[in-house]
Structure formats: C-alpha cells, structure tokens
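J.: Below is the structure I would like to discuss, written out as structure tokens.
The values are calculated or read from the model by the stated rules, or taken from the named source; none is laboratory data. Every value quoted in this text rests on a predicted model; they were computed, and no experiment measured them. Here the Cβ positions follow ideal geometry from the backbone for every residue, glycine too, while neighbour counts run over all protein chains shown. Just so you know, the surface numbers come from the protein's heavy atoms only, side chains and all, with ligands and any DNA or RNA stripped out. Shrake-Rupley method; radii C 1.70, N 1.55, O 1.52, S 1.80 Å.
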Amino acid sequence: MTTWVIIPWRAGCVHRQLALDHVTRWWAASYPDWPVIVGEWPAEAGPWRKGCAVRAAGVHPGRGDVVVVADADVIPVGIASAVDAIGSIGPGRTPARWAMPFRLVHRLTLAATDLVTSGRLPLPGGPIPTTMVGLVEETYVGSAGGGAVVLRGDVFSGIPIDPRFAGYGQEDLSWSLALHRLVGAPAMWSAPLWHLWHPPQERMRRGSTVSRGVGSEESRRLWQRYRGANTPALMRALVAEAEAGFAVLMGDARAGSC
C-alpha cells in the first residue's frame, strides 16, 4: 500500500510560495515514506481549477492505496489517524473509504505564519494553548472535502473534483456532496487544521459587496446542481459530466498532464 500526497498548486504569489515550501518540508519530515506530488494548473492554462491541478499530478493509485489531497497552505497535524483508518483491515475493524482528519480550521495571522515558516513556532496537535492567543486570525468548523481529504485509491479515481469550478469556491463543497452521496459519510477526527496566511483569492462582487464564500455565479449554479443531485444516479451523471470536462480542459481526461 502506498500513501500518496497530492498538493494542487499555482505559482505567482510570494506568500503562497513560502507556504508551499514550508508545507512540503513538513510532509517530507513527518512522513518521509509518502510520495508528495505537486499538481500544477499554471496561469497560462486559464482560471484556477483545483480539479485540473489534482488531475495534473498524474497519480493513478491502486485500489488499496491511500490518497491525501491537501492544500498548499495547510498543515493537517492529525493526518496519520485518517490514513490508518483507510488502510486498516483487521478483526473488528472495517476500513473507511474516505476520511476527514480535522474538525476546526485555524487561520493563522501573517505574523504567526512567519513564525511557523521560520521554524520558531511549533504547531500543536490538540487544543490551542494560551500562547497561541492573538496568533489565530479566524477559527471555524471545516468542511469535509476541503483543506485535507483522505481517500481510498478507487474512490479518488472514481469521484474527482469537478474541473468546471473556476477561480475561488464551491469545488470542495461539491466534491464533499458527491462523496457523501456515492460513498457515504467519512470517518472523522477532531485534530486541528492549521492554515498559513496568504492574500485571499478574488471573490464574487455584487455592487460594492464582496461575497465571503462564493467565487462566481457560474460556480454557484454548478454547486446548486450538486446540492440538487439527491440520488446516486443523478450524482453519477454529474461525475460523468466532470470527466467530460477534463477531456475538454486537459485534452485527455486520463493523461494526468496539462
């Protein structure tokens, strides 16, 4: 069994680059036996598409492999338990098909991120100690499907992130809906997910108002279709559309290159 780590990526921001450099060092130091593959969807390819970046990594896991899809700006300190849940087979233990290793997302401030990336601030794996007060910009309950997701190899191959989501937002939520509908609920843990600071992506504007959670009207409409796919047959049809989208956007849907 191989545990693959895929990091979807686009270059062009110095703060995101610093985060990626730290994150890749963390993966290598923490889990040296796990191959880490950075899948890039470059600016010349058009708008950011997380689904295309993940597919561009070119990972084709076996059914018994484990795939971690983790953003380039997060440290998922509880990832080992989620990976073990996918790969564990034994008396009284039923392996999970996908897992969410965290409950709360802690967004670090720029100052805290500088401390982390320079090695001066270790990140705790449990409750936030008092020494972290003032270093966390925002804390909220994370969404299964975003940040860091752990999947069995066949689940990763069969239920992709829809590449039609362009720019910011809704691709993770829609992927979660597809996984819930076609696989079931994930195994879940309560370890924190640490988010390193970077300037936010552009969001949808309506007049002078900037949406907090929606990137574009097109993505919002596609997300609504996922929310309305309330049977496995309807969701499988949307997944088939996603695969067709890869063929259009990347040439060969299974080539793993952009």
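J.: With a 10 Å radius around each residue's Cβ, average the other Cβ atoms per peptide and rank 178-185, 167-174, highest first.
T.: 167-174, 178-185
J.: If you don't mind, there's one more thing I want to ask. Which percent of the accessible area of the chain is formed by carbon and sulfur heavy atoms (probe 1.4 angstrom)? Could the numbers behind the result be given before it?
T.: Details: 6530 of 11860 Å².
C and S atoms contribute 55 percent here.
J.: Mind checking which of I159, H106, Y31 is farthest towards the positive end of the chain's charge dipole, using Cβ charges of +1 (Lys, Arg) and -1 (Asp, Glu) about the Cα centre?
T.: Of I159, H106, Y31, it is I159.
J.: For Rg and Dmax of the Cα atoms in Å, the choices are (1) 17.3, 62; (2) 23.0, 74; (3) 17.8, 59; which was calculated from the structure?
T.: Calculated Rg and Dmax of the Cα atoms in Å: the matching label is (3).
J.: Given a 1.4 Å probe, how much area per residue of the stretch 1-160 is accessible, in Å²?
T.: Ligands and nucleic acids excluded, the result is 43 Å² per residue.
J.: Ok, one more. So for each of 124-133, 232-241, 42-51 I average, over its residues, the number of other beta carbons within 10 Å; can you give me the resulting order with the highest mean first?
T.: Descending packing order for the listed peptides: 42-51, 232-241, 124-133.
J.: Using a 10 Å cut-off on Cβ atoms, rank the peptides 105-115, 143-153, 25-35 from the highest mean neighbour count down. Before the final figure, lay out each step's value.
T.: Details: 105-115: 18.5, 143-153: 22.6, 25-35: 12.9.
Result, highest mean Cβ count within 10 Å first: 143-153, 105-115, 25-35.
J.: What list of whole percents do you get for P(r) of the stretch 49-129, with Cα-Cα distances grouped in 10 Å bins up to the one holding the largest distance?
T.: Going from the shortest bin to the longest, the percentages are 13, 36, 32, 17, 2.
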